Amino acid sequence: MTNKIYALRKQNGLSQQELAERVGTTGQQIGHLESGRRKLTQDWMERLSVGLGCAPADLLGSALSTSKPSGPSPKPQPNPQPARPSGDTAMRTATIERRTKETEISVTVNLDGSGEYSVETGIGFLDHMLEQLSRHSLIDLTVRAKGDLHIDFHHTTEDTGIAIGEAVAQALGDRAGITRYGSALIPMDETLTRVALDVSNRPYLVWRVDFSRPKLGDMDTELFKEWFQAFAQSAGLTLHVENIYGENNHHIVESCYKGLARALRQALDIDPRKSDAVPSTKGVLGGSL
Ligand SMILES: [Mn+2]
(Lines give C-alpha, C1' and ligand atoms only; values in the text may rest on other atoms or scores of the structure.)
Protein backbone atom coordinates (compact mmCIF):
# COMPACT_ATOMS: atom_id res chain seq x y z
CA MET A 1 0.00 0.00 0.00
CA THR A 2 1.44 3.33 -0.98
CA ASN A 3 -0.71 5.62 1.11
CA LYS A 4 -2.38 5.74 4.52
CA ILE A 5 -6.02 6.12 3.51
CA TYR A 6 -6.89 2.61 4.65
CA ALA A 7 -5.08 2.96 8.01
CA LEU A 8 -6.65 6.36 8.72
CA ARG A 9 -10.09 5.15 7.69
CA LYS A 10 -9.81 2.19 10.08
CA GLN A 11 -8.65 4.52 12.86
CA ASN A 12 -11.80 6.54 12.27
CA GLY A 13 -13.91 3.37 12.32
CA LEU A 14 -15.33 4.16 8.87
CA SER A 15 -16.36 1.75 6.12
CA GLN A 16 -15.40 2.59 2.55
CA GLN A 17 -19.01 3.56 1.94
CA GLU A 18 -19.14 5.87 4.97
CA LEU A 19 -15.96 7.65 3.96
CA ALA A 20 -17.27 7.88 0.38
CA GLU A 21 -20.41 9.61 1.63
CA ARG A 22 -18.33 12.11 3.62
CA VAL A 23 -16.26 13.12 0.61
CA GLY A 24 -18.95 12.80 -2.05
CA THR A 25 -17.82 9.78 -4.04
CA THR A 26 -18.48 6.03 -4.23
CA GLY A 27 -17.11 3.24 -2.05
CA GLN A 28 -15.55 1.78 -5.17
CA GLN A 29 -13.50 4.95 -5.77
CA ILE A 30 -12.29 4.84 -2.18
CA GLY A 31 -11.16 1.25 -2.83
CA HIS A 32 -9.26 2.37 -5.92
CA LEU A 33 -7.61 5.21 -4.04
CA GLU A 34 -6.59 2.91 -1.19
CA SER A 35 -5.12 0.32 -3.51
CA GLY A 36 -3.29 2.90 -5.61
CA ARG A 37 -5.28 2.03 -8.74
CA ARG A 38 -6.51 5.61 -8.76
CA LYS A 39 -3.92 8.37 -8.44
CA LEU A 40 -4.01 10.30 -5.19
CA THR A 41 -4.10 13.81 -6.63
CA GLN A 42 -3.93 17.02 -4.59
CA ASP A 43 -7.68 17.40 -5.04
CA TRP A 44 -8.36 13.89 -3.68
CA MET A 45 -5.95 14.50 -0.78
CA GLU A 46 -7.81 17.62 0.22
CA ARG A 47 -11.23 15.96 0.00
CA LEU A 48 -10.10 12.84 1.87
CA SER A 49 -8.32 14.80 4.58
CA VAL A 50 -11.59 16.55 5.41
CA GLY A 51 -13.40 13.19 5.61
CA LEU A 52 -10.67 11.66 7.74
CA GLY A 53 -10.00 14.64 10.01
CA CYS A 54 -6.30 14.93 9.18
CA ALA A 55 -3.97 17.09 7.12
CA PRO A 56 -3.66 16.28 3.39
CA ALA A 57 0.02 15.35 3.79
CA ASP A 58 -0.89 12.76 6.44
CA LEU A 59 -2.37 10.61 3.68
CA LEU A 60 1.05 10.04 2.13
CA GLY A 61 3.61 7.52 3.25
CA SER A 62 3.37 3.86 4.09
CA ALA A 63 0.50 2.35 6.00
CA LEU A 64 0.57 1.82 9.75
CA SER A 65 2.92 4.68 10.56
CA THR A 66 2.26 5.83 14.09
CA SER A 67 3.43 9.44 13.66
CA LYS A 68 0.83 11.89 14.85
CA PRO A 69 -0.85 14.01 12.23
CA SER A 70 -0.41 17.74 12.73
CA GLY A 71 -4.10 18.53 12.29
CA PRO A 72 -6.94 17.41 14.53
CA SER A 73 -6.17 13.74 15.07
CA PRO A 74 -8.82 11.06 14.84
CA LYS A 75 -9.75 9.25 18.00
CA PRO A 76 -7.99 5.91 18.20
CA GLN A 77 -10.36 2.97 18.33
CA PRO A 78 -9.53 0.38 20.97
CA ASN A 79 -10.45 -2.64 18.82
CA PRO A 80 -11.05 -1.57 15.26
CA GLN A 81 -10.66 -5.08 13.81
CA PRO A 82 -12.25 -7.77 15.95
CA ALA A 83 -10.78 -11.17 15.21
CA ARG A 84 -12.93 -14.04 14.01
CA PRO A 85 -14.92 -15.58 16.84
CA SER A 86 -13.17 -18.93 17.24
CA GLY A 87 -9.75 -19.51 18.69
CA ASP A 88 -8.44 -20.31 15.23
CA THR A 89 -6.23 -17.49 14.03
CA ALA A 90 -5.95 -18.63 10.40
CA MET A 91 -7.05 -15.95 7.96
CA ARG A 92 -9.82 -17.10 5.69
CA THR A 93 -8.56 -15.23 2.64
CA ALA A 94 -7.50 -16.22 -0.85
CA THR A 95 -6.40 -14.70 -4.12
CA ILE A 96 -7.03 -16.39 -7.45
CA GLU A 97 -5.46 -15.40 -10.75
CA ARG A 98 -7.17 -16.98 -13.72
CA ARG A 99 -5.97 -16.45 -17.28
CA THR A 100 -7.36 -18.01 -20.45
CA LYS A 101 -7.50 -16.91 -24.08
CA GLU A 102 -10.95 -15.51 -23.29
CA THR A 103 -10.51 -13.79 -19.94
CA GLU A 104 -7.97 -12.54 -17.42
CA ILE A 105 -9.38 -12.41 -13.92
CA SER A 106 -8.01 -11.76 -10.48
CA VAL A 107 -10.12 -12.18 -7.37
CA THR A 108 -9.34 -11.65 -3.71
CA VAL A 109 -11.75 -12.62 -0.93
CA ASN A 110 -11.74 -12.28 2.82
CA LEU A 111 -14.54 -14.41 4.26
CA ASP A 112 -14.29 -12.60 7.60
CA GLY A 113 -14.50 -9.15 6.08
CA SER A 114 -16.99 -6.35 6.44
CA GLY A 115 -18.49 -6.30 2.95
CA GLU A 116 -15.97 -3.98 1.33
CA TYR A 117 -15.66 -4.35 -2.39
CA SER A 118 -13.87 -3.11 -5.44
CA VAL A 119 -15.31 -4.73 -8.57
CA GLU A 120 -14.47 -4.05 -12.21
CA THR A 121 -15.57 -6.63 -14.76
CA GLY A 122 -16.30 -4.31 -17.66
CA ILE A 123 -19.99 -5.25 -17.34
CA GLY A 124 -21.83 -2.62 -15.35
CA PHE A 125 -24.76 -4.76 -14.33
CA LEU A 126 -22.55 -7.65 -13.22
CA ASP A 127 -20.46 -5.23 -11.13
CA HIS A 128 -23.68 -4.08 -9.46
CA MET A 129 -24.62 -7.70 -8.61
CA LEU A 130 -21.15 -8.63 -7.30
CA GLU A 131 -21.15 -5.54 -5.12
CA GLN A 132 -24.45 -6.70 -3.63
CA LEU A 133 -22.94 -10.13 -3.06
CA SER A 134 -20.06 -8.62 -1.09
CA ARG A 135 -22.13 -6.07 0.80
CA HIS A 136 -24.70 -8.59 2.03
CA SER A 137 -22.39 -11.55 2.66
CA LEU A 138 -19.81 -9.33 4.42
CA ILE A 139 -17.18 -11.06 2.28
CA ASP A 140 -14.57 -8.48 1.22
CA LEU A 141 -14.30 -8.86 -2.52
CA THR A 142 -11.90 -7.48 -5.10
CA VAL A 143 -12.50 -8.47 -8.71
CA ARG A 144 -10.62 -7.36 -11.82
CA ALA A 145 -11.76 -9.00 -15.03
CA LYS A 146 -10.73 -8.31 -18.60
CA GLY A 147 -12.72 -10.43 -20.99
CA ASP A 148 -13.58 -10.73 -24.66
CA LEU A 149 -16.59 -8.45 -24.32
CA HIS A 150 -16.38 -7.65 -28.04
CA ILE A 151 -17.74 -11.18 -28.61
CA ASP A 152 -20.35 -11.17 -25.86
CA PHE A 153 -20.55 -11.24 -22.05
CA HIS A 154 -20.69 -15.01 -21.72
CA HIS A 155 -17.04 -15.83 -21.00
CA THR A 156 -16.52 -12.95 -18.62
CA THR A 157 -19.69 -13.73 -16.66
CA GLU A 158 -18.99 -17.44 -16.36
CA ASP A 159 -15.28 -17.09 -15.62
CA THR A 160 -15.94 -14.47 -12.95
CA GLY A 161 -18.26 -16.97 -11.26
CA ILE A 162 -15.58 -19.65 -11.50
CA ALA A 163 -12.83 -17.42 -10.09
CA ILE A 164 -14.88 -16.08 -7.17
CA GLY A 165 -16.01 -19.63 -6.36
CA GLU A 166 -12.43 -20.88 -6.45
CA ALA A 167 -11.34 -18.09 -4.14
CA VAL A 168 -14.12 -18.94 -1.66
CA ALA A 169 -13.22 -22.65 -1.78
CA GLN A 170 -9.54 -21.92 -1.23
CA ALA A 171 -10.26 -19.53 1.64
CA LEU A 172 -12.46 -22.19 3.26
CA GLY A 173 -9.66 -24.77 3.29
CA ASP A 174 -10.89 -27.97 4.96
CA ARG A 175 -14.20 -26.24 5.81
CA ALA A 176 -13.68 -26.94 9.50
CA GLY A 177 -15.77 -24.93 11.94
CA ILE A 178 -18.32 -23.59 9.49
CA THR A 179 -22.08 -23.59 10.09
CA ARG A 180 -22.37 -25.27 6.65
CA TYR A 181 -26.06 -24.59 5.88
CA GLY A 182 -27.61 -21.24 5.10
CA SER A 183 -30.85 -19.92 3.68
CA ALA A 184 -32.52 -16.62 2.99
CA LEU A 185 -35.87 -15.27 1.93
CA ILE A 186 -35.38 -11.94 0.19
CA PRO A 187 -38.19 -9.53 -0.71
CA MET A 188 -37.56 -6.65 -3.11
CA ASP A 189 -40.75 -4.68 -3.64
CA GLU A 190 -43.06 -7.08 -5.58
CA THR A 191 -40.43 -9.84 -5.78
CA LEU A 192 -39.72 -12.69 -3.37
CA THR A 193 -36.79 -15.08 -3.76
CA ARG A 194 -35.64 -18.02 -1.67
CA VAL A 195 -32.06 -19.27 -1.57
CA ALA A 196 -30.86 -22.32 0.33
CA LEU A 197 -27.37 -23.72 0.25
CA ASP A 198 -25.07 -26.35 1.69
CA VAL A 199 -21.32 -25.74 1.64
CA SER A 200 -21.07 -29.45 1.00
CA ASN A 201 -18.31 -29.76 -1.58
CA ARG A 202 -21.03 -31.45 -3.68
CA PRO A 203 -21.68 -28.94 -6.45
CA TYR A 204 -25.28 -28.82 -7.60
CA LEU A 205 -27.45 -25.97 -8.82
CA VAL A 206 -31.24 -25.85 -8.79
CA TRP A 207 -32.29 -22.70 -10.66
CA ARG A 208 -35.98 -21.88 -10.75
CA VAL A 209 -35.77 -18.35 -12.04
CA ASP A 210 -37.45 -17.02 -15.18
CA PHE A 211 -37.02 -13.64 -16.77
CA SER A 212 -39.56 -11.87 -18.97
CA ARG A 213 -36.94 -9.70 -20.68
CA PRO A 214 -33.91 -10.90 -22.68
CA LYS A 215 -31.57 -8.19 -21.36
CA LEU A 216 -30.82 -6.08 -18.30
CA GLY A 217 -28.59 -3.18 -19.25
CA ASP A 218 -26.36 -4.73 -21.88
CA MET A 219 -26.40 -8.10 -20.17
CA ASP A 220 -28.34 -11.14 -21.39
CA THR A 221 -30.56 -12.38 -18.57
CA GLU A 222 -29.80 -16.01 -19.51
CA LEU A 223 -26.23 -15.42 -18.31
CA PHE A 224 -27.23 -15.23 -14.65
CA LYS A 225 -27.86 -18.96 -14.53
CA GLU A 226 -24.40 -19.44 -16.04
CA TRP A 227 -22.85 -17.34 -13.29
CA PHE A 228 -24.65 -19.22 -10.49
CA GLN A 229 -23.78 -22.59 -12.07
CA ALA A 230 -20.11 -21.64 -12.34
CA PHE A 231 -20.01 -20.30 -8.79
CA ALA A 232 -21.76 -23.34 -7.26
CA GLN A 233 -19.44 -25.67 -9.15
CA SER A 234 -16.16 -24.04 -8.21
CA ALA A 235 -17.09 -23.09 -4.63
CA GLY A 236 -18.42 -26.61 -4.00
CA LEU A 237 -21.96 -25.60 -3.06
CA THR A 238 -25.29 -27.33 -3.28
CA LEU A 239 -27.23 -24.21 -4.23
CA HIS A 240 -30.97 -23.85 -4.69
CA VAL A 241 -32.31 -20.56 -6.00
CA GLU A 242 -36.02 -20.03 -6.51
CA ASN A 243 -37.84 -16.88 -7.47
CA ILE A 244 -41.20 -17.47 -5.80
CA TYR A 245 -42.84 -14.51 -7.51
CA GLY A 246 -41.87 -11.19 -9.06
CA GLU A 247 -42.29 -9.03 -12.13
CA ASN A 248 -39.39 -6.61 -12.37
CA ASN A 249 -36.39 -8.39 -13.89
CA HIS A 250 -33.86 -6.19 -12.08
CA HIS A 251 -35.51 -7.05 -8.75
CA ILE A 252 -35.64 -10.74 -9.62
CA VAL A 253 -31.93 -11.09 -10.33
CA GLU A 254 -30.83 -8.75 -7.57
CA SER A 255 -32.87 -10.72 -5.02
CA CYS A 256 -31.04 -13.88 -6.19
CA TYR A 257 -27.63 -12.32 -5.50
CA LYS A 258 -28.75 -10.87 -2.18
CA GLY A 259 -30.23 -14.23 -1.19
CA LEU A 260 -26.99 -15.97 -2.09
CA ALA A 261 -25.10 -13.38 -0.05
CA ARG A 262 -27.26 -13.75 3.03
CA ALA A 263 -27.27 -17.55 2.88
CA LEU A 264 -23.48 -17.60 2.45
CA ARG A 265 -23.02 -15.29 5.39
CA GLN A 266 -24.89 -17.77 7.57
CA ALA A 267 -23.28 -20.91 6.18
CA LEU A 268 -19.69 -19.63 6.22
CA ASP A 269 -19.89 -18.28 9.73
CA ILE A 270 -17.86 -20.14 12.31
CA ASP A 271 -20.18 -22.21 14.49
CA PRO A 272 -19.18 -21.17 18.01
CA ARG A 273 -20.29 -24.52 19.45
CA LYS A 274 -18.21 -26.59 17.04
CA SER A 275 -15.47 -24.32 15.77
CA ASP A 276 -12.78 -26.97 15.47
CA ALA A 277 -14.73 -29.73 13.71
CA VAL A 278 -15.68 -30.42 10.11
CA PRO A 279 -19.51 -30.35 10.14
CA SER A 280 -20.08 -33.80 8.63
CA THR A 281 -20.51 -37.26 10.14
CA LYS A 282 -18.08 -38.37 7.41
CA GLY A 283 -15.51 -36.06 8.94
CA VAL A 284 -14.62 -34.66 5.51
CA LEU A 285 -16.01 -31.78 3.46
CA GLY A 286 -12.83 -30.27 2.09
CA GLY A 287 -10.42 -31.22 -0.60
CA SER A 288 -9.80 -29.67 -3.92
CA LEU A 289 -12.44 -29.96 -6.60
MN1 LIG B 1 -30.24 -2.69 -8.15
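The values are calculated or read from the model by the stated rules, or taken from the named source; none is laboratory data. From a predicted model like this one, the values you see are computed outputs, not experimental measurements. Cβ atoms come from the backbone with ideal geometry, glycine included; neighbour counts cover every protein chain shown.
Key figures
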| quantity | calculated |
| --- | --- |
| Unmet requirement for SER73, which otherwise passes all of (1) part of a loop (DSSP other than H, G, I, E, B); (2) of a type in the set (S, T, N, Q); (3) at pLDDT 65 or above | (3) |
| Positions within region 144-165 being surrounded by 24 or more Cβ atoms within 10 Å (Cβ to Cβ) and under 22 Å from ILE30 (Cα atoms), in sequence order | ALA145, ILE164 |
| Answer from LEU141, LEU130 - the residue that is under 15 Å from HIS251 (Cα atoms), modelled with pLDDT of 95 or more and surrounded by 20 or more Cβ atoms within 10 Å (Cβ to Cβ) | LEU130 |
| Count - residues of region 1-43 that are buried (at least 20 other Cβ atoms within 10 Å of the Cβ) and either without any contact (Cβ under 8 Å) to a residue 12 or more places away in the chain or touching a Cys at 6+ places or on another chain (Cβ under 8 Å) (or both) | 1 |
| Residues of region 214-263 classified as assigned to a helix (DSSP H, G or I) and not aliphatic (A, V, I, L, M), total | 19 |
| Which numbered condition LYS215 misses (of (1) of a type outside the set (Asp, Glu); (2) within 21 Å of GLY122 (Cα to Cα); (3) more than 16 Å from the ligand (Cβ to nearest atom); (4) without any contact (Cβ under 8 Å) to a residue 60 or more places away in the chain) | (3) |
| Residues (touching a residue at least 40 places away in the same chain (Cβ under 8 Å), within 15 Å of the ligand (Cβ to nearest atom) and crowded, with 18+ Cβ neighbours inside 10 Å) located in region 244-278 | GLY246, HIS251, ILE252, VAL253, GLU254, SER255, CYS256, TYR257, LYS258, GLY259, LEU260, ALA261 |
